[in-house]
Amino acid sequence: MNVTIDLNSGFCFGVVNAIQAAENILKTRDSLYCLGDIVHNNMEVDRLNKLGLVIIDHDQFSELRNVPVLIRAHGEPPETYKIALKNNIELIDASCPVVLRLQNNVRQGYDYIRKSNGQVVIYGKPGHAEVVGLAGQTGNDALIVSQEEDLEKIDFSRPINFYSQTTKGMEGFEHMVSEIKNRQYKAGSDAEFVVNDTICRQVSHRAPQLREFSKNQDIIIFVGGKKSSNGKYLYDICKEINPRTYFVSAPDELDFSWFKGDDHVGICGATSTPRWLMDQIAEIIREN
Ligand code: SF4
């Protein structure tokens, strides 16, 4: 079988920075705490665990004193920084600069829209670390919408400042924007509606590239972590173009009944998929 790895797939610069920060520190320390999974990929998390990275949750974080803790690319709400200050925790902040800028925008946008009794609305996955960090900028006053039904939470007579989680798809974002406009119109409201397209181009640029890649392969093996938002989004794009698209998180999830002898196999992945894992999967397919 002929196997090609998509050169545009793999870690985005935000994830590369966070992993490099962890690896650099672990050269001089035996262990380092990281608040939440450093990347939504269990195989990469396991690799870093072996180097000494210890993943902790927010409850464990609150119990710590006088130790360094790494903040991953998704960023954290202000509450985390307050706890660190109180408990003398040294934060190694590997929040992605794109996320930090968005947090800042949301904070300023909230101050602005509040003056006219408006609301901040975030298109994102409830409970996702980045969304928790964004909502924290508004004292958790922001409304989180992930599907059309959630728009019922919005008061259309009041101004709206609308943002997106960085890893959401452009189509979904545009659909939400047009649906909000429709509903404002139906409600007879002329309240201000500010649209902030805050989708990360590291993700949105991959959609057209992956469409092109998927078109040219007989079968696609999409490699991604089950918790990855952009993994789910990018997998759906491949599947739409190439129905013979399969999602795997690890080599043992491959099923060789999917393949035919003369297939051109395309391997691709999310912004949280390590290149070494795509290489490993490509090698196994080549050998079979
Ligand atoms: S997807 Fe974009 S915003 Fe998110 S970590 Fe990567 S570079 Fe940063």
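Averaged across orientations, what area in nm² does the convex hull of the alpha carbons in region 13-95 project? Walk me through the intermediate numbers first.
Values: hull surface 19.8 nm².
Averaging across all directions leaves 4.9 nm² for the Cα convex hull.
The loop-placed trypsin sites (Lys or Arg not before Pro) in region 162-241, going by DSSP, that have at most 13 neighbouring Cβ atoms within 10 Å of their Cβ come out as K226. Each residue of region 273-287 is assigned a 3J(HN,Hα), and the resulting list reads 9, x, 4, 4, 6, 5, 4, 4, 5, 4, 4, 5, 5, 4, 6 Hz, derived from the Karplus form 6.51 cos²θ - 1.76 cosθ + 1.60 (θ = phi - 60°), x at Gly and Pro. Among M1, M278, the order of accessible area from largest down is M1, M278, computed with a 1.4 Å probe on protein heavy atoms.
Going by a ≥ b ≥ c, the root eigenvalues of the Cα gyration tensor, does region 82-234 fall in the rounded group (a/c under 1.5), the prolate group (a/b larger than b/c) or the oblate group? Verdict is oblate for region 82-234. Estimated from helical segments only, the mean residue ellipticity of the chain at 222 nm is -13000 deg cm²/dmol, where each DSSP H run of four or more residues counts as -39500 (n - 2.57). Short-range pairs are left out: with C-alpha atoms under 8 Å and at least six residues apart, the relative contact order of region 94-248 is 19 percent.
For region 98-200, with only Lys/Arg (+1) and Asp/Glu (-1) charged at the beta-carbon, what is the dipole magnitude about the Cα centre, in debye rounded to 20? Write down the numbers at each step before the final one.
On the way: 11 positive and 14 negative charges, 60 e Å.
Dipole size: approximately 280 debye.
Cross-link reach is defined here as a Cα-Cα straight distance under 18 Å, omitting same-chain residues fewer than 8 places apart; for K186 the aspartates and glutamates meeting it are E148, E149, D150, E152, D155. Looking at region 1-86, the trypsin sites (Lys or Arg not before Pro) that sit in a DSSP loop and have at most 15 other Cβ atoms within 10 Å of their own Cβ are K27, R29, R65.
Whole-Hz Karplus values for region 80-97 come out as 4, 5, 5, 4, 4, 4, 5, 9, 6, 9, 8, 8, 9, 8, 9, 4, 5, x Hz, taken residue by residue from phi with 6.51 cos²θ - 1.76 cosθ + 1.60 and θ = phi - 60°; glycine and proline positions read x.
Of the trypsin sites (Lys or Arg not before Pro) found in region 258-288, those in coil by DSSP whose Cβ has at most 12 other Cβ atoms within 10 Å are K260. Straight-line cross-link partners of K82 among the aspartates and glutamates, defined as a Cα under 20 Å from its Cα and at least 8 positions apart when in the same chain: D57, D59, E63, E90, D93, E130, D141.
Per-residue Karplus couplings for region 221-237, computed as 6.51 cos²θ - 1.76 cosθ + 1.60 with θ equal to phi - 60°, are listed in order as 10, 9, 9, x, x, 5, 8, 7, 5, 6, x, 5, 4, 6, 4, 4, 5 Hz, Gly and Pro entered as x.
Find the relative contact order for the chain and round it to a whole percent, using C-alpha pairs within less than 8 Å whose residues are 6+ positions apart. Let's see the in-between values first.
Details: 511 pairs, mean separation 66.6, N = 288.
Computed over the chain, the figure is 23 percent.
For F247, the residues whose modelled amide H falls within less than 5 Å of its own, excluding neighbours fewer than 5 places apart on the same chain, are F222. Only protein atoms count toward the accessible area here, which uses a 1.4 Å probe; on the chain, the carbon and sulfur part of that area reaches 49 percent. A straight Cα-to-Cα reach below 29 Å connects K86 with the lysines K27, residues fewer than 8 places away in its own chain not being considered.
Applying 1/(1 + (r/R0)^6) with r as the Cβ-Cβ distance of E171 and T4 and R0 = 25 angstrom yields a FRET efficiency of 0.40. Listed cross-link partners K181/K232; K125/K239; K125/K232 are compared with a 18 Å cut-off, the Cα-Cα value being larger for K181/K232; K125/K239.
Per residue, how much accessible area does the chain show when a 1.4 Å probe rolls over the protein heavy atoms, in square angstrom?
On the way: 13560 Å² over 288 residues.
It amounts to 47 Å² per residue over the chain.
When the convex hull of the Cα atoms of the chain is projected onto a plane and the area is averaged over all directions, what value comes out in nm²?
Details: hull surface 65.6 nm².
If you wrap the Cα atoms of the chain in a convex hull and average its projections, you get 16.4 nm².
The values are calculated or read from the model by the stated rules, or taken from the named source; none is laboratory data. Model, not experiment: these values are computed from the prediction. Please note: Cβ atoms are built from the backbone with ideal geometry, for glycine as well, and neighbour counts cover all protein chains shown. Accessible surface is based on the protein model in full, side chains and every heavy atom, while ligands, DNA and RNA are left aside. Shrake-Rupley method; radii C 1.70, N 1.55, O 1.52, S 1.80 Å.
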